[in-house]
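Encoded as C-alpha cells, the structure appears first; notes follow it.
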Amino acid sequence: MERTFAIIKPDAVERNISGKIISKIEEAGFKIVGMKKIHLSKSQAEGFYYVHKERPFFNDLCTFMSRSPVIVMVLEKENAIAAWRTLMGATNPANAEPGTIRKEFAKNIEENSSHGSDAPETAAFEIPYFFSALELV
Ligand code: ATP
Ligand code: MG
C-alpha cells in the first residue's frame with residue numbers, strides 16, 4: 001500500500017464541488033486516511049510550493065492557493081501516487097483525458113481543482129507538512 005497527498009484547491013471548494021471530487025476518489029478505490037479543511041496563509045502556500053519558487057507563475061499560484069480554504073487529504077491505495085495523478089488528469093485541463101477531475105472541473109491551467117504528489121519523495125515531504133501521524137487512520 002502506498003500513500004499520497006491530495007488537495008482540493010480553492011476554485012473547487014468555492015464552487016461547492018468538493019463532494020463530487022471526493023466521490024470520484026472513493027469510487028476509484030482510494031481509502032481516505034486523513035482529511036481536513038484549512039485556509040493556507042500566503043507563506044504556508046509558498047513553503048508548500050517552494051520547488052516552484054523560480055517559476056514565473058509562483059506568486060500567482062501562491063496567491064490563488066491562499067485566497068480561500070482548501071481540503072487536504074492523504075489517500076491510500078496500491079500505487080496511490082500514480083493512480084491519483086491519473087485520476088486528476090493533465091495540469092492543463094485542455095490536455096486532460098475525459099473522465100478526469102481536471103477535465104470535468106478545472107477552470108484553467110492554474111485553477112485546476114486538485115493537487116497530487118508527483119513522487120514518493122514529494123509525498124514524504126507533503127504529507128507531514130499538513131498531517132501528524134496521529135491524524136492518519
Ligand atoms: P500539482 O503540483 O498542483 O499537483 P502539477 O504537478 O500537475 O500540479 P506543477 O507543474 O507541479 O503541476 O504545477 C503546480 C501548479 O502550478 C499547477 O497545478 C497549477 O495550479 C500551477 N501552474 C502550473 N503551470 C502553470 C502555468 N503555466 N501557469 C499558471 N499556473 C500554472
Ligand atoms: Mg506538481
Looking at the stretch 7-39, which of its residues are open to solvent by less than 10 Å² (accessible area, probe 1.4 Å), closer than 21 Å to residue 63 by Cβ and part of a strand (DSSP E or B)? 7, 8
Among the residues in the stretch 70-86, are any more than 24 Å from residue 2 (Cβ to Cβ) and of a type outside the set (Ser, Thr, Tyr)? no
I need the full set of residues from the stretch 88-118 which are over 12 Å from the mean Cα position of the chain (by Cα) and of a type in the set (D, E, K, R), in order please. 97, 103, 104, 107, 110
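Mind listing whichever residues of the stretch 100-130 are closer than 24 Å to residue 33 by Cα and either touching a His at 6+ places or on another chain (Cβ under 9 Å) or surrounded by fewer than 19 Cβ atoms within 10 Å (Cβ to Cβ) (or both)? Don't jump to the end; show me each part of the working.
Going residue by residue through the stretch 100-130, those that are closer than 24 Å to residue 33 by Cα are 100-102, 105, 112-130.
If the condition is that a residue be closer than 24 Å to residue 33 by Cα and either touching a His at 6+ places or on another chain (Cβ under 9 Å) or surrounded by fewer than 19 Cβ atoms within 10 Å (Cβ to Cβ) (or both), then 118, 119, 120, 121, 122, 124, 125, 126, 128, 129 are the ones that fit.
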Which numbered condition residue 89 misses (of (1) on the phi < 0 side of the Ramachandran plot; (2) of a type outside the set (Val, Ile, Thr); (3) surrounded by 13 or more Cβ atoms within 10 Å (Cβ to Cβ); (4) within 16 Å of ligand 2 (Cβ to nearest atom)): (1)
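The values are calculated or read from the model by the stated rules, or taken from the named source; none is laboratory data. Please read all numbers here as calculations on a predicted model, not as lab measurements. Neighbour counts are summed over all protein chains in view; Cβ atoms, including those assigned to glycine, are modelled from backbone coordinates with ideal geometry. Only protein heavy atoms, including side chains, enter the accessible area calculation; ligands, DNA and RNA are left aside. Shrake-Rupley method; radii C 1.70, N 1.55, O 1.52, S 1.80 Å.
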